[in-house]
């Protein structure tokens, strides 16, 4: 085998012209040089072919329609790519909302509204209605010492027919008030808004932290009128009722009261008018 390879290592290339009068010419070339020339030639052809196919209409001639993307297909791919990017951003946003929601639900520290209490105590003798009649009445009662400022009371957050009551055994942690969409929703007590955003299950949600480790939740709203960090007064308009969220089966407000991180029956502590 090795002898055969040595024999073809050097060989001659003879060029015979068509005219018989001309003498044939011979060229000697080594096999190494020949293979080198072939490789260089192949590389040049490959590079040129790639650029011709990629940047010229030649691909439409060489390849059949089934193997290439049309302009409409390219646009569809771009749209799908944009949707993937959008969905990735939405997932990150939902993760952030869920973290804030979990924090707000578990929150039961009244220190967040300490500044509100101090401002309230420093403003005794002045009536600050906050835009609702209930606040005016309460300020009058405080002014004449008919109630203690440290007492916390809760009022109904909305007017409507109660379709479902608190049932801890069945996992229903609040009261459902049936009403028309975009009906007013009020703060049940003075507090500090710790969450105001859209969630997949509960729709537009407001969570308020109150004194004495109380937390109230207002779910399935159609729109929110308060932002996180706002201080609200009892009876102040905070949202409009709705039917948002996957766990809502009709227009209503789901209202919950939590104490020390545990849900309690709102019917037991709401003031009856």
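The values are calculated or read from the model by the stated rules, or taken from the named source; none is laboratory data. From a predicted model like this one, the values you see are computed outputs, not experimental measurements. A quick note on method: Cβ atoms are made from the backbone with ideal geometry, for glycine too, and the neighbour counts reach across all protein chains shown.
So here's what we get for this one:
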read-out	value
Unique residue being under 24 Å from the mean Cα position of the chain (by Cα) and more than 18 Å from residue 153 (Cβ to Cβ) when the list is 239, 169	239
Qualifying position, being modelled with pLDDT under 95, touching a strand residue (DSSP E or B) at 6+ places or on another chain (Cβ under 6 Å) and in a loop (DSSP other than H, G, I, E, B), among 235, 229	235
Yes/no for residue 220 being over 24 Å from the mean Cα position of the chain (by Cα) and crowded, with 21+ Cβ neighbours inside 10 Å	no
Unique match (being assigned to a loop (DSSP other than H, G, I, E, B) and in contact with a strand residue (DSSP E or B) (Cβ under 8 Å, 6 or more places away or on another chain)) among 249, 244	244
Of residues in region 164-181 being loosely packed, with under 14 Cβ neighbours inside 10 Å and touching a residue at least 24 places away in the same chain (Cβ under 8 Å), the one nearest to residue 268 (Cα to Cα)	165
Residue check, residue 102 loosely packed, with under 12 Cβ neighbours inside 10 Å, at pLDDT 90 or above and under 28 Å from residue 264 (Cβ atoms)	no
Top-ranked residue of region 182-214 - restricted to ones that are within 16 Å of residue 155 (Cβ to Cβ), touching a residue at least 40 places away in the same chain (Cβ under 8 Å) and part of a strand (DSSP E or B), ranked as nearest to the chain's Cα centre (by Cα)	185
